[in-house]
Amino acid sequence: LLKGEIDGERLLKLIRRAVQRNRQTVELEQQLDGSFFQASRDPLTLLPNRPLLLDRARLQLAEARQRDGEFGFACLLLDGLGAARSQYGAVVGDELTRRLAELMAESLRGTDTLARLDEEQFSLLVYPLPEPGVLIATAQQVIQRVEALQQIGHCAVQPRLRIGLAVFAGGTESAEELLERARALAASLPAGRSGFAGL
């Protein structure tokens, strides 16, 4: 706007239009952020879902390949969620799932990603990969936290956690293949008993 070439009424209209455009832009950005959050999160636990997990894994895999680095993909199978849901109902099953997700997340670093893949299956993207001793200690801590949860309300529960970890240390495996390898390692452990494989 040039000084002296616009009157007060026109200036006021221009300001109102600018404010309205700005408000519309902010509302659109908020809607897009909300839509992305809903599309990329598990609705029960609000953890990342499989597509978001794999997107992050592909980025970290590309970075690890460039730097000759390593990262780990863990699959966490929670035994007992289905049984609790069958015995006590969906409300207790959902509360148990949320509590276990919180307990597992508390043991992790800010750079790790915990995601929910389905009813009894979670996944963990570990990056950068700590020393093996630290990784084993973290796995044991997560297992202890899960097993310490013995009751939801008045309902007795006995969750068990099987962890399989697939480490990327070079090669051509995709993020999906690493996740499947971690899932197979977790599934190879005896059901109903906590433990870890691949560490």
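Any read-out appearing in this document is the output of simple, stated calculations on the displayed coordinates, not a laboratory observation. Keep in mind that what you see is a predicted model, and the values were worked out from it rather than measured. Counting neighbours? That spans all protein chains shown, and the Cβs are built from the backbone with ideal geometry, glycine included.
Summary of computed values
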| quantity | calculated |
| --- | --- |
| Cleavage-rule hits, GluC sites (Glu not before Pro), the stretch 93-186, DSSP coil, Cβ neighbours within 10 Å at most 12 | 119 |
| The stretch 38-148 - convex hull of alpha carbons, volume per residue in Å³ | 92 Å³ |
| Rh by Kirkwood over Cα pairs, then Stokes-Einstein D for the stretch 1-75 at 0.890 mPa s and 25 °C, µm²/s | 145 µm²/s |
| With eigenvalues of the C-alpha gyration tensor scaled by 5 and rooted, the stretch 82-199, Å | 26, 15, 13 |
| Cleavage-rule hits (trypsin sites (Lys or Arg not before Pro)) in the stretch 57-123: DSSP loop, at most 12 neighbouring Cβ within 10 angstrom | 109 |
| Cleavage-rule hits (GluC sites (Glu not before Pro)) in the stretch 4-72: DSSP loop, at most 16 neighbouring Cβ within 10 angstrom | 5, 70 |
| Cα point-scatterer Debye curve for the chain, base-10 log of I(q)/I(0) at q = 0.09, 0.12, 0.18 Å⁻¹ | -0.45, -0.65, -1.21 |
| Among beta bridges that DSSP assigns inside the stretch 70-199, antiparallel share in %, nearest 5 | 90 percent |
| Two-decimal Rg to Rh for the stretch 122-191 - Kirkwood Rh, Cα set | 1.05 |
| Highest-MSF residue in the chain out of 30, 38, 141 [GNM, Cα springs under 10 Å] | 30 |
